[in-house]
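A quick write-up on the structure given underneath.
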Amino acid sequence: MSEPSVSMEYETKQASYRALVTDRKGCSLCAKHLENASRIDGGDLDSNEIGPYTRWQGNLDSPLVVVAQDFSDVAGFRKGCGWAGHDVPTNLHLVELVREAGFVIAPPKLGKPDNVLFFTNAVLCMKGGGRRGSQQPVPQRCFANCSDFLRRTITIVAPRVVVTLGRGALYAIQRAFDLSETGRLSDLVGRHLHLTNTIYLVPMYHPSPTVVNTHRPLNKMRADWRGLRPLFEAADNLPHTSAAA
């Protein structure tokens, strides 16, 4: 008799997720700074996912949600045809790092969702471009504007662990869940914080080549991610450090 309730729960997730995506497509809060995927090339490269990263990893029952900062600029979005790039070093580093946490995922491939985990971005729209291209900074207000989408996404997926990549993603999570800021990212990396009563928050450095070469070598990042394993292996363990402490 349990199967109908399980099915209904998943149907409810799907319906909530569809509503979330619809709201994302219609959002214009950051229109002065960023481009909504639904408005780039008439929406031809957009999808029925919350963002391009989720086309790669979009499992609504994932035990792990990874929150990156922003996806790309419009040129990068077009280059990848609206998908995560197969040759982007950050994405390839992520494949290595989630393996350290105990999950095997395939590298991104155009048109081929893997859907083992759930990946999203703290900022869902694309940067316009310019001289710095995908490296141009995103206004902090855009992280704040997208925070409601982030909160709703995590509520729907209800993972065991949320990992944030970089300062912007951590700020967005703190804003989304009304958490007080707890210090520098360097002091929080790898710590098992309490996002909700049932979800851990673990801040990590962004695994871009720039950060790997200047702030946190890949071997140390691997150790950080390896520290996630106990959180999945001891499912009955409650979070023990408050993110608001």
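The values are calculated or read from the model by the stated rules, or taken from the named source; none is laboratory data. These numbers come from a predicted model, not from an experiment. Cβ: placed from backbone, ideal geometry, glycine included. Neighbour counts: every protein chain shown.
What about Ser38, is it surrounded by fewer than 20 Cβ atoms within 10 Å (Cβ to Cβ), touching an Asp or Glu at 6+ places or on another chain (Cβ under 7 Å) and either of a type in the set (S, T, N, Q) or farther than 25 Å from Pro159 by Cα (or both)?
Against the criterion (surrounded by fewer than 20 Cβ atoms within 10 Å (Cβ to Cβ), touching an Asp or Glu at 6+ places or on another chain (Cβ under 7 Å) and either of a type in the set (S, T, N, Q) or farther than 25 Å from Pro159 by Cα (or both)), Ser38 qualifies.
Considering only residues that are among the basic types (Lys, Arg) and closer than 18 Å to Val67 by Cα, look in region 217-228 and name the one that is surrounded by the most Cβ atoms within 10 Å (Cβ to Cβ).
Once the filter is applied, the top-ranked residue is Arg222.
Of the residues Gly190, Gly183, only one is assigned to a loop (DSSP other than H, G, I, E, B) and at pLDDT 95 or above; which?
Going through Gly190, Gly183 in turn, just one is assigned to a loop (DSSP other than H, G, I, E, B) and at pLDDT 95 or above: Gly190.
Could you say whether any residue in region 223-238 is at pLDDT 95 or above, in a loop (DSSP other than H, G, I, E, B) and of a type outside the set (Lys, Arg)?
Yes - at least one qualifying residue is present in region 223-238.
Of everything in region 174-227, what is at positive phi and out of contact with any Asp or Glu (no Cβ under 8 Å at 6 or more places or on another chain)? Give them in sequence order.
Hits for region 174-227 are Asp178, Gly183.
Here is a list of conditions, (1) among the hydrophobic types (A, V, I, L, M, F, W, C); (2) buried (at least 21 other Cβ atoms within 10 Å of the Cβ); (3) in contact with a helix residue (DSSP H, G or I) (Cβ under 7 Å, 6 or more places away or on another chain), and Leu185 meets all of them except one; can you say which number that is?
That leaves (2) as the condition not met.
Restrict the check to region 203-212 and report whether at least one residue is more than 13 Å from Ala68 (Cα to Cα) and within 17 Å of the chain's Cα centre (by Cα).
no
Within the set of pairs 6+ apart or on separate chains, which have a first residue in region 101-123 that is free of Cβ contacts under 8 Å to residues at least 60 places away in the same chain and on the phi > 0 side of the Ramachandran plot, a second that is assigned to a strand (DSSP E or B) and not hydrophobic (A, V, I, L, M, F, W, C), and C-beta atoms under 6 Å apart?
Final answer for the pair search is Asn115/Gly58.
Tell me which residues, restricted to region 71-115, are among the acidic types (Asp, Glu) and modelled with pLDDT under 95.
Matches in region 71-115: Asp73, Asp87.
Looking at the structure I just gave you, is Ala169 crowded, with 22+ Cβ neighbours inside 10 Å, in contact with a Phe, Trp or Tyr (Cβ under 7 Å, 6 or more places away or on another chain) and either small (Gly, Ala, Ser) or under 23 Å from Arg216 (Cα atoms) (or both)?
In short, no.
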